[in-house]
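Before any comments, here is the structure.
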Amino acid sequence: RLLLCTFALVLHCGTMAVAQKNASAALIVDKVDDGQLTMLRGNTLPVANAQNDVGRVSPNLAMKDLILVLKRSPEQQAAFDAFVASQYDASSPSFHQWLEPAEIGEKFGPSMADIATISSWLSGHGLSVDEVSKDRMTIQFGGTARQVESAFHTQIHNLTVKGEQHIANMSDPQIPMALEPVVAGVKALHNFNPRPLHRLGSSVTRNSDTG
């Protein structure tokens, strides 16, 4: 039992050491160049197509509460997953040692240097950086449609879907390749809100014979 406890403690300390090392290391090491782009695939809705398209939005259209979703390095993510698993392991020193969002950001989030670089890139396109989440996994920003289109190299169009008016990006956004190690995607360059998939059933009566 002592051996197992010692092993668990060593594993926990090793995991935390890896996490802290990676959390402080900047992953954006190349110059941010808008001439060298990579595509954020899977960030376009299927309904953003020619059939529903009714033209480009006004370039001055205000787009608020946009969210840039960040990601951890593979090593950070593995350390984070291991730590979360250890919180549910009764034999682990981390059992039920819950963390505040700010602690998660400090131990397992992107570095503040990377967040500063991304924020500077957004600001360079005229976009406002409104908030960085405490866990460092999202950056809330906003601006005009023209600024969004310039930063993400896509177009924002008006759409008519099932009789309702919406806006959405018509192609997957693109970002400088230098930002790719930390940026996962954009949520969301459209105003479609999620809806529940369930449907209410009809009234039923209880069969007194069968229960």
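The values are calculated or read from the model by the stated rules, or taken from the named source; none is laboratory data. The structure presented is a predicted model; accordingly, all values stated were derived computationally and were not measured. Using ideal geometry, Cβ is built from the backbone for each residue, glycine included, and neighbour counts are taken over all protein chains shown. These area figures cover heavy atoms from the full protein model, side chains too; ligands, DNA and RNA do not enter into them. Shrake-Rupley method; radii C 1.70, N 1.55, O 1.52, S 1.80 Å.
Taking a straight line from the alpha carbon of Lys107, these aspartates and glutamates sit under 16 Å away, with near neighbours fewer than eight places off in the same chain left out: Glu75, Asp81, Asp135.
Across the options Ala25, Met39, Gly55, the greatest Cα extent toward the positive end of the charge dipole of the chain (unit charges at beta carbon of Lys, Arg, Asp, Glu) belongs to Gly55.
Kindly rank 151-162, 88-99, 193-204 from highest to lowest mean number of other beta carbons found within 10 Å of each residue. Don't jump to the answer; show the numbers that get you there.
Values: 151-162: 18.5, 88-99: 12.6, 193-204: 5.2.
In decreasing order of mean packing, 151-162, 88-99, 193-204 become 151-162, 88-99, 193-204.
Set the bar at 27 Å for Cα to Cα. Now go through Lys134/Lys162; Lys31/Lys71; Lys64/Lys134 and name every pair that lies beyond it. Over 27 Å apart, Cα to Cα: Lys134/Lys162. Rolling a 1.4 Å probe across the protein heavy atoms gives the chain an accessible surface of 61 Å² per residue.
For the chain, what is the calculated [θ] at 222 nm in deg cm²/dmol (nearest 500), taking -39500 (n - 2.57) for each run of four or more DSSP H residues and dividing by its residue count?
Values: 5 runs with 65 residues, N = 211.
Taking each H run of at least 4 residues, the total per residue is -10000 deg cm²/dmol.
Could you work out what % of the accessible surface of the chain is carbon and sulfur, using a 1.4 angstrom probe and leaving DNA, RNA and ligands out of the count?
Numbers: 7010 of 12830 Å².
Roughly 55 percent of what the probe reaches on the chain is carbon or sulfur.
Once Rh for the chain is found with the Kirkwood sum over Cα pairs, what is the Stokes-Einstein diffusion coefficient at 4 °C and 1.567 mPa s, in µm²/s? Please report the intermediate quantities before stating the final value.
Values: Rh = 20.1 Å.
The calculation lands on 64 µm²/s.
Of all complete DSSP H helices in the chain, those with a Cα span along the helix axis of 27 Å or greater and a mean Kyte-Doolittle hydropathy of -1.0 or more are 2-24. Taking amide H positions as modeled 1.01 Å from N, with prolines and chain starts lacking one, the residues under 5 Å from Thr38 and 5 or more places away or on another chain are Ile175, Met177. Between Met112 and Ser58, the C-beta separation translates, for a Förster distance of 41 Å, into a calculated FRET efficiency of about 0.70.
Distance between the C-alpha centres of the stretch 162-209 and the stretch 34-73: 14 Å, rounded to the whole angstrom.
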